[in-house]
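Notes follow once the structure below has been shown.
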Amino acid sequence: MAIPSHKLFLVFMSLLLVFLFLSPRSSFSHPLLSTSCLSHESQALLRFKDALNISLTSSWFNLTSWVNGTDCCTNWTGISCDNHTNHVVSLDITYLFAEGVISESLCQLRFLTSLTVREISLTSGTVFPPCLRNLSYIRYLDLSRNNFTGMIPPFVCSLTRLTYLDLSWNNFNGSIPSCLGNLSSLTELDLSDNQLSGSIPASLGSLFSLTKLHLSYNQLSGSIPASLGSLFSLTKLHLSYNQLSGSIPASLGSLSLLRSLYLSNNELRGNIPDSLGNLSLLQVLDGVSNRFNETISSSSLPPSLVALRLSLNHHQLISETFFHKLTRLSSLYLSDCVLNISTIWIPSFQLYELSLMSCTIDGEFPPWISTQFSLENLKLTNASLVGVIPSWLWETSPQLQYLNLSGNHLEGSLSSNHSICTQLSELDVSRNGLSGCIPSIWPSSISILLLNDNLFSGKIPLSLGKLSQLKMLNLAYNLFSGNIPYSLGKLFQLQFLNLANNKISGMIPASLSNCSSLIVLNLGNNSLKGSLPYEFSRLTQLKSLVVHGNILNGSFPLSISNCSFLQVLDIGNNFFGGEMPPTIGNFYFLRVLVMKKNNFTGNIPSAIGHLIYLQILLLSSNHFSGLIPHTIVSLQAMTIEDQDGIVLSNFYYRQIYRDGLDMTSKGRDEHYTYILSTLTAMDLSNNELEGGIPFDFGNLKGLRFLNLSMNNLNGTIPSSLGEMGQLESLDLSRNNFFGKIPMEFISLNSLGFLKLSNNHLSGSIPQGTQMSTFAESSYSGNPNLWGCPLPKNCSWPQYIPRPPEVSINKEKKSTKYPLYGIALGLSYGVAFGGIVSLILIKMSWKRKYFNKVDAILKIVFPWMKDLTL
């Protein structure tokens with residue numbers, strides 16, 4: 001008997017429901033079913049939490065909901081469970097500050113399919129439990145943005161079901177494990193922003209399901225493996241900011257689904273292969289800052305390109321035919337090329353950003369730019385532009401936000417109509433020949449205004465104080481006059497203010513102290529008078545304060561005592577007076593201290609030795625007296641040899657400010673446009689210092705420039721100065737030093753300038769190495785000094801003065817000269833035996849011996865001081 005069809009249907013549906021309810025991996029949800037956390041898994045989670053040792057007060061996301069006895073599946077933050085098996089299948093914790101470790105109790109969550117441990121900032125390093133390899137069901141693993149260190153953990157290669165792996169923004173080092181090529185299900189792999197080194201494993205070319213590969217911001221080197229051309233599913237390939245070399249493999253032209261290719265900031269060479277022209281879906285090609293050294297072929301650029309960024313390479317002639325196929329282009333970055341484009345050319349694209357940095361345009365503004373009505377970002381720096389800024393620039397691009405025309409030969413004034421660009425955020429027209437007054441009306445949206453190194457004149461407009469969004473204002477190296485507007489004190493977001501090298505007069509307004517976010521304040525080389533306002537104590541974020549070259553007076557500005565983050569303090573070339581306070585040692589981060597050419601008096605406080613980061617100390621041309629403090633040899637930054645050449649700078653909103661410096665080096669006044677960490681100098685010259693140089697001054701082995709001239713210093717020159725192997729300039733002239741020039745000076749191989757003139761030095765000039773290269777003027781004014789290059793005999797003095805005639809009776813002669821003869825005979829006997837032994841043993845013992853004998857004889861027979869040996 002046949003079973004009715006409707007009954008067969010009911011049986012089928014019943015079996016289907018039973019299957020769905022009982023399936024251990026089912027995600028089907030039924031309103032009558034309840035989810036309850038399994039006890040052993042909740043206990044494992046609690047042990048995992050305890051091991052993290054979370055600081056609840058500093059966490060954005062905490063685990064206070066993880067309470068014993070409550071249901072982890074329904075009540076605990078970041079936990080998800082399977083609706084039927086009740087196993088924990090997803091763990092997601094982020095934004096924690098923890099001091100502990102990752103516990104192996106995590107391994108008991110055997111059915112996890114998704115694990116996210118992100119931005120937990122472990123402070124005690126990283127040890128991943130090996131048992132994590134047993135979490136075989138994991139498909140999604142995100143361990144990004146932590147402080148994880150060491151090599152990429154081996155357990156990752158065992159998770160063969162992984163489709164998503166993100167280890168970015170950590171401190172992983174070592175090489176990329178080739179075993180990652182075994183994770184055949186991966187669709188996304190992100191290892192960016194680590195410290196990975198070595199080559200990119202060719203095995204990654206076997207990840208045929210991969211759609212996104214991010215390896216940027218590492219130290220990867222040896223070239224791009226051709227095997228990556230086998231990743232036919234790839235849509236994004238990011239390899240920027242590494243050390244990759246060689247050429248772009250032609251095999252990348254096989255990645256038919258590729259949409260973005262980022263190769264910037266590497267060392268890639270050659271040209272862009274024509275095969276990339278076949279990538280019909282490619283939208284972004286970014287090869288900024290490499291070593292591509294051939295003309296770009298238009299056949300290598302697919303018509304689909306939206307963004308072409310190849311600046312900071314070397315390209316040759318580019319004409320309008322180069323852009324013929326690029327009808328969709330909206331972002332163009334080129335540099336170091338010659339543009340040969342017709343004045344009547346009208347592009348077939350509309351750009352929203354255009355950068356032609358250091359391209360030779362060689363003429364007025366290219367007319368074709370006037371056809372780009374959607375420009376938001378325009379950068380034509382160092383492009384040899386001449387003439388005036390055309391009025392159409394402001395009219396055709398009302399939505400312009402970023403405009404950089406720096407480093408050209410532009411003339412005329414800034415258009416008063418540029419207020420039409422109501423969205424302008426950054427304007428840089430520095431290093432041109434622009435003149436006249438600057439406009440009084442500016443867009444309220446502007447945050448960066450750089451007008452420095454031009455010929456602008458007149459007064460600084462009061463209206464600048466209305467620009468509430470302004471963060472950087474640079475008007476340096478112009479012809480501005482009048483006072484500093486008090487209205488600038490209303491710029492509460494201002495971080496950078498540079499008004500140096502103008503003709504500004506009057507007093508420094510106390511209202512500037514309201515700019516509590518100021519990091520850099522440079523008012524140098526103007527005609528400002530008065531003292532630093534006491535209210536400057538509120539500028540607690542200040543890192544650089546420069547007021548040199550004014551007519552400021554008063555005592556050392558105690559008003560800045562709260563500026564504990566100062567790195568640069570330059571108050572030189574003013575009329576400040578009084579003593580240097582002991583509180584100078586409170587500027588813990590100070591790297592540059594310039595107080596030269598003022599009227600300071602008193603001693604140099606011993607607290608100067610607390611400035612362990614100080615690399616430049618310029619106190620010349622004051623009235624400092626007393627001894628050189630012995631603590632000066634504790635300036636640690638001056639003791640470090642072979643420092644890295646890092647530029648002392650601060651970074652602000654895509655702009656870099658570098659501190660400059662005026663300094664006397666090698667006998668000449670020099671201007672340093674920026675300060676490297678290798679620039680170490682100490683200038684205490686033209687003061688009233690007394691006593692000797694500290695005997696262990698040679699500890700400052702990283703010092704390059706030392707000037708102690710024109711003081712009242714005396715004593716002998718410490719031999720430890722010969723240990724300062726990086727010393728390039730040494731000036732000890734015009735003091736009262738006596739004794740010999742230390743033989744150790746022959747070890748100063750870097751010395752290029754030496755001045756020991758006008759002292760009381762005696763004996764022979766050490767010969768050899770650099771000491772033989774200096775002129776007579778280096779040693780003149782020392783009557784008892786002889787040897788090359790002085791006119792006296794280069795090998796021996798022209799004469800040896802006889803002992804002075806003494807009127808004595810016969811009886812005294814009979815007792816004095818026999819003693820002298822006996823003593824002299826003994827000394828010569830001892831000397832002869834010593835010469836032989838010392839020559840056979842060690843040269844330094846020989847020098848010490850003769851110095852000692854010479855000193856003893858002069859003590860026993862004072863009249864022998866007049867002898868020149």
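The values are calculated or read from the model by the stated rules, or taken from the named source; none is laboratory data. In this text, all values refer to a predicted model and were calculated from it rather than measured experimentally. Counting neighbours? That spans all protein chains shown, and the Cβs are built from the backbone with ideal geometry, glycine included. All accessible areas refer to the heavy atoms of the entire protein, side chains included, with ligands and DNA or RNA removed. Shrake-Rupley method; radii C 1.70, N 1.55, O 1.52, S 1.80 Å.
Tabulated data
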item	result
Residue under evaluation Leu180, criteria (1) out of contact with any Cys (no Cβ under 7 Å at 6 or more places or on another chain); (2) open to solvent by less than 10 Å² (accessible area, probe 1.4 Å), criterion not met	(1)
Matching strands (runs of 3 or more DSSP E) fully within the stretch 110-152 where at least 3 residues are within 23 Å of Ser197 (Cα to Cα)	149-151
Among the candidates Leu566, Leu494, Leu488, residue that is touching a strand residue (DSSP E or B) at 6+ places or on another chain (Cβ under 8 Å), farther than 26 Å from Leu679 by Cβ and part of a loop (DSSP other than H, G, I, E, B)	Leu494
Residues being in contact with a Pro (Cβ under 9 Å, 6 or more places away or on another chain), closer than 27 Å to Asn147 by Cβ and open to solvent by 60 Å² or more (accessible area, probe 1.4 Å) - total across the stretch 183-227	1
Residues of the stretch 520-540 classified as in a loop (DSSP other than H, G, I, E, B) and either surrounded by fewer than 21 Cβ atoms within 10 Å (Cβ to Cβ) or in contact with a Phe, Trp or Tyr (Cβ under 8 Å, 6 or more places away or on another chain) (or both), total	3
So Leu761, is it more than 22 Å from Arg704 (Cβ to Cβ), among the hydrophobic types (A, V, I, L, M, F, W, C) and buried (at least 17 other Cβ atoms within 10 Å of the Cβ)	yes
Criterion violated by Glu728 - all others in (1) closer than 24 Å to Glu776 by Cα; (2) open to solvent by 50 Å² or more (accessible area, probe 1.4 Å); (3) acidic (Asp, Glu) satisfied	(2)
For Ser720: the one exception among (1) modelled with pLDDT of 95 or more; (2) touching a Pro at 6+ places or on another chain (Cβ under 9 Å); (3) not hydrophobic (A, V, I, L, M, F, W, C)	(1)
Filter pass, Ser559 being in contact with an Asp or Glu (Cβ under 9 Å, 6 or more places away or on another chain), open to solvent by less than 20 Å² (accessible area, probe 1.4 Å) and at pLDDT below 90	yes
Positions within the stretch 338-379 being under 23 Å from Asn293 (Cβ atoms) and more than 33 Å from the chain's Cα centre (by Cα), in sequence order	Leu339, Asn340, Ile341, Asp362
Residue selected from the stretch 447-474 under the condition in a loop (DSSP other than H, G, I, E, B) and more than 12 Å from Gln493 (Cα to Cα), by the criterion most open to solvent (accessible area, probe 1.4 Å)	Asp453
Residue in the stretch 596-622 that is surrounded by the fewest Cβ atoms within 10 Å (Cβ to Cβ), counting only those that are in a helix (DSSP H, G or I) and of a type in the set (A, V, I, L, M, F, W, C)	Ala607
Pick from the stretch 103-121, criterion under 16 Å from Arg47 (Cα atoms) and open to solvent by 20 Å² or more (accessible area, probe 1.4 Å), ranking: modelled with the lowest pLDDT	Ser103
Some residue of the stretch 502-511 being under 26 Å from the mean Cα position of the chain (by Cα), in a loop (DSSP other than H, G, I, E, B), more than 16 Å from Pro461 (Cβ to Cβ) and not basic (Lys, Arg)	no
Lone unmet requirement of (1) open to solvent by less than 50 Å² (accessible area, probe 1.4 Å); (2) within 30 Å of Ser733 (Cβ to Cβ) for Pro581	(2)
Hits in the stretch 150-159 (condition: open to solvent by 60 Å² or more (accessible area, probe 1.4 Å) and in contact with a Gly (Cβ under 9 Å, 6 or more places away or on another chain))	Met151
Failed condition for Trp169, given (1) out of contact with any strand residue (DSSP E or B) (no Cβ under 8 Å at 6 or more places or on another chain); (2) not in a loop (DSSP other than H, G, I, E, B)	(2)
Counted residues, the stretch 122-147 - those being open to solvent by less than 40 Å² (accessible area, probe 1.4 Å) and either in contact with a Ser or Thr (Cβ under 7 Å, 6 or more places away or on another chain) or closer than 20 Å to Asn53 by Cβ (or both)	11
Number of the condition not met by Leu186 [criteria: (1) closer than 18 Å to Leu308 by Cα; (2) of a type in the set (A, V, I, L, M, F, W, C); (3) part of a loop (DSSP other than H, G, I, E, B)]	(1)
Any strands (runs of 3 or more DSSP E) falling wholly within the stretch 707-782 and containing at least 2 residues that are closer than 19 Å to Ser665 by Cα	729-731, 753-755
Residues located in the stretch 562-573, provided they are touching a Lys or Arg at 6+ places or on another chain (Cβ under 8 Å) and either of a type in the set (Asp, Glu) or open to solvent by 10 Å² or more (accessible area, probe 1.4 Å) (or both)	Asn562, Phe565, Gln567, Asn573
Tally of residues being in a loop (DSSP other than H, G, I, E, B), under 18 Å from Ser330 (Cα atoms) and among the hydrophobic types (A, V, I, L, M, F, W, C) across the stretch 343-373	5
Pairs, first within 25 Å of Met580 (Cα to Cα) and open to solvent by 30 Å² or more (accessible area, probe 1.4 Å) in the stretch 657-685, second assigned to a loop (DSSP other than H, G, I, E, B) and modelled with pLDDT under 70, C-beta under 6 Å, six or more apart	Gly660/Thr673
Complete set of residues in the stretch 510-519 that are touching a helix residue (DSSP H, G or I) at 6+ places or on another chain (Cβ under 6 Å) and open to solvent by less than 20 Å² (accessible area, probe 1.4 Å)	Leu512, Ser513
Output for the stretch 22-65, where each listed residue is among the small types (Gly, Ala, Ser) and either closer than 19 Å to Ser90 by Cα or at pLDDT 60 or above (or both)	Ser23, Ser26, Ser27, Ser29, Ser34, Ser36, Ser39, Ser42, Ala44, Ala51, Ser55, Ser65
Lone unmet requirement of (1) hydroxyl-bearing (Ser, Thr, Tyr); (2) outside any helix (DSSP H, G or I); (3) open to solvent by 10 Å² or more (accessible area, probe 1.4 Å) for Thr381	(3)
